[in-house]
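First comes the structure, then the notes that go with it.
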Amino acid sequence: MSVLIVGAGPSGARLAIQLARSGAEVTLVDRLLDPETHAYSSGALPLEAVSRLGLPDETIASTWKGWQLHDPSGLVHQWWAADDLGVVLDFGLLRSFLWREARRHGVELISGCRAALNKLTTEGASVRLHRRDGETSLHSVRWLIDATGARRDLLQQAGLRPNPADPLLQGIGVEWLLQADDRQSAAWRERISFFLGTTWIPHGYGWIFPMQGDRLKVGVCHLPPADRLTPGSLARPLQRLIQRCGLSACPVLDRHGGPVSSSISRSEPLAAGALLAVGDAASSANLLGGEGIRHAMDSADQLADLLIAEGMRGDSHAMARRYRQHLDGQQSWRWKVSGRLARRTWWGLDNSRADRRLERLIKGLSATATAPALSELLFDYNFERYGLRLLPYLL
Ligand SMILES: Cc1cc2nc3c(=O)[nH]c(=O)nc-3n(C[C@H](O)[C@H](O)[C@H](O)COP(=O)(O)OP(=O)(O)OC[C@H]3O[C@@H](n4cnc5c(N)ncnc54)[C@H](O)[C@@H]3O)c2cc1C
């Protein structure tokens, strides 16, 4: 079975490793030349995922045991656990690790190369690879995988569009890596901090995550309604946040960012002929907390199992049917509620009423929730205990 995976982020690289382990002939292509460049993701992850996914210490930039929420009026709320609740990954080092593992398992990894769909049938597909020096080459394979992230390059080139009844919630995240000193980083260490409300950024949220060596990742994400999708520059709200947090004097070591997008029910077409999508391209990200790394890797494991079981037989229709059944079977009510909450919260966050509602929600959580319970809410989508309080967001 020959497979070409376009995109060597968490989902594409993980899928390549799993397939190569089972003996498949795998080519993995990424337009990045160096896995450590354009480390666009903030990399917050619950602790459980680190061991489950086998991520080594070298990929971890820091650990955290507290949640810190800055509400719309600027009030700071904190929740602390006795033990670590999660990590902040160094996204560049995560990619580096995955690329090395892929090569070690026999994957042919072609970096610095953009792939474009050339031909797609039920029997196979061909893609054209564009190298940086202008050279191009054609590759034909039995299975082609779109792991290009939220841009969904290959799905788009194949003419597959989102389902209008289940539109994409989409946005852009921008993040700067700041070099703070011991004193400046003290208020942000051992916790992940979020900024919620229109005074920070309308239709979105901001964050500060700690990294190794007193470095801080400071970012904003903007998820406006579909009819207001031209956000303009996010540099201004980001600079404002940095200023309000007293971090303007910190040197900026890196600036990066990227798109995020997901549908709520994942009902858009994710397979056609020999083409299948995985990770962010297959709407695996959860946009309530802007979290997608572990879901992208889980989605890769699930597609690997299916390809290993079905792909050898080579029937595209059966494969597409099984993939759809699998995706539908995975839809828990929790996942859908968190998607609806995300859309309701980010699309509606553009006025003082929405700010006041957020303030009430945060105040309620302040009075009743513990740090582990907040993690359960935002990482396990455990909404039961907050049912009534969340109702205004769902209605
Ligand atoms: C600002 C920001 C902050 C985030 N913070 C977090 C966080 O704290 N925690 C978390 O879990 N998630 C976070 N996410 C989301 C997370 O990064 C993604 O869900 C995850 O990276 C998805 O993995 P993926 O492999 O599906 O796609 P990606 O990581 O996007 O990888 C896609 C790869 O495809 C390559 N590519 C694209 N098109 C082509 C082409 N035509 N040819 C060749 N190569 C191509 C790209 O270079 C890229 O390497 C964040 C996202 C953003 C934008």
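Here, each number is a calculation from the coordinates, and none is a lab measurement. None of the values given here were measured: they were computed from a predicted structure. Note that we place each Cβ from the backbone using ideal geometry, even for glycine, and neighbour counts take in every protein chain shown.
For H326 and R356, FRET efficiency with R0 = 56 Å and r from the beta-carbon atoms, rounded to 0.05?
Details: r = 42 Å, r/R0 = 0.75.
So, using R0 = 56 Å, E works out to roughly 0.85.
Could you order the peptides 209-219, 239-249 from most to least packed, using the average number of other C-beta atoms within 10 Å per residue? If you can, show how the numbers build up before the last one.
Values: 209-219: 20.7, 239-249: 15.3.
Per-residue mean Cβ counts within 10 Å order the peptides as 209-219, 239-249.
Would you mind calculating the gained length between T37 and D227 on full extension (0.36 nm times residue separation, minus the Cα-Cα distance), in nm to one decimal? Don't skip to the end; give the middle numbers.
Details: separation 190, 0.36 × 190 = 68.40 nm, distance 3.25 nm.
Contour length minus Cα-Cα distance gives 65.1 nm.
Please report the net charge: other residues with Cβ closer than 13 Å to the Cβ of E36, K and R +1, D and E -1. Write out the running numbers ahead of the final one.
Values: positive: R95, R100; negative: D30, D34, E58, D90, D254.
Cβ neighbours under 13 Å give a net charge of -3.
Under a point spin-label approximation (7 Å from Cα along Cα-to-Cβ), what is the E190-E58 distance to one decimal in nm?
With each label point 7 Å from Cα toward Cβ, the separation is 2.9 nm.
Which distance in Å, rounded to a whole number, links the C-alpha centroids of region 75-139 and region 257-310?
13
Counting DSSP beta bridges with both partners in the chain, what percentage is antiparallel, nearest 5?
Roughly 75 percent of the beta bridges in the chain run antiparallel, per DSSP.
Classify the chain from the C-alpha gyration tensor, please: rounded if a/c falls under 1.5, else prolate or oblate depending on whether a/b exceeds b/c. Before the final figure, lay out each step's value.
Numbers: a/c = 1.83, a/b = 1.52, b/c = 1.21.
Prolate, because a/c is 1.5 or more and a/b exceeds b/c.
Tell me which lysines have Cα within less than 20 Å of K217's Cα, excluding those fewer than 8 residues away on the same chain?
Within the straight-line limit of under 20 Å, K217 reaches these lysines: K65.
Could you tell me how many degrees, from 0 to 90 and to the nearest 10, lie between the Cα long axis of helix 293-310 and the main elongation axis, the longest principal axis, of the Cα atoms of the chain?
With both axes taken from Cα atoms, the answer is about 20 degrees.
Can you show me the helix-derived [θ] at 222 nm for the chain, built from DSSP H runs with n ≥ 4 at -39,500 (n - 2.57) apiece and divided by the number of residues, rounded to the nearest 500. Before the final figure, lay out the partial values.
On the way: 12 runs with 134 residues, N = 395.
Calculated at 222 nm, the ellipticity per residue is -10500 deg cm²/dmol.
Expected output is a single nm value to one decimal: the length gained when fully extending between A116 and W333, i.e. 0.36 nm times separation in residues minus the C-alpha distance. What is it?
Values: separation 217, 0.36 × 217 = 78.12 nm, distance 3.62 nm.
This chain segment gains 74.5 nm when fully extended.
Could I have the simple spin-label model distance between D181 and S267, label points 7 Å from Cα toward Cβ, reported in nm to one decimal?
Simple spin-label model gives 5.7 nm for this pair.
For Cα pairs less than 8 Å apart in space and 6+ apart in sequence, what is the mean separation divided by the residue count of the chain, i.e. the relative contact order in percent? Numbers along the way, then the final one.
Working: 829 pairs, mean separation 82.6, N = 395.
Reported as a whole number, the value is 21 percent.
State, to one decimal in nm, how far the label point of R340 lies from the label point of R151, with both points 7 Å from Cα in the Cβ direction.
Distance between label points: 3.4 nm.
Can you sort V87, V278, V26 from fewest to most other Cβ atoms within 10 Å of each residue's own Cβ?
On the way: V87 23, V278 30, V26 27.
Lowest count first: V87, V26, V278.
Highest first, please rank the peptides 151-161, 128-138 by the mean number of other Cβ atoms sitting within 10 Å of their residues. Before the final figure, lay out each step's value.
Numbers: 151-161: 18.3, 128-138: 11.7.
Peptide ranking by packing, descending: 151-161, 128-138.
What is the local net charge at W207, summed over the other residues whose Cβ is closer than 10 Å to its Cβ (Lys, Arg +1; Asp, Glu -1)? Walk me through the numbers before you get to the answer.
On the way: positive: K217; negative: E175.
Residues near W207 contribute 0 overall.
What relative contact order, as a whole-number percentage, does region 201-359 give when Cα pairs under 8 Å and 6 or more residues apart are counted?
Numbers: 147 pairs, mean separation 36.4, N = 159.
About 23 percent, as a whole number.
Report the FRET efficiency, 1/(1 + (r/R0)^6), for N382 and R21, where r is their Cβ-Cβ distance and R0 is 35 Å, rounded to 0.05.
Numbers: r = 33 Å, r/R0 = 0.95.
The value I calculate is 0.60.
Taking 30 Å as R0, compute the FRET efficiency from the Cβ-Cβ separation of R104 and R255 and round it to 0.05. It would help to have the intermediate numbers written out before the result.
Numbers: r = 32 Å, r/R0 = 1.07.
Efficiency, from the Cβ-Cβ distance: 0.40.
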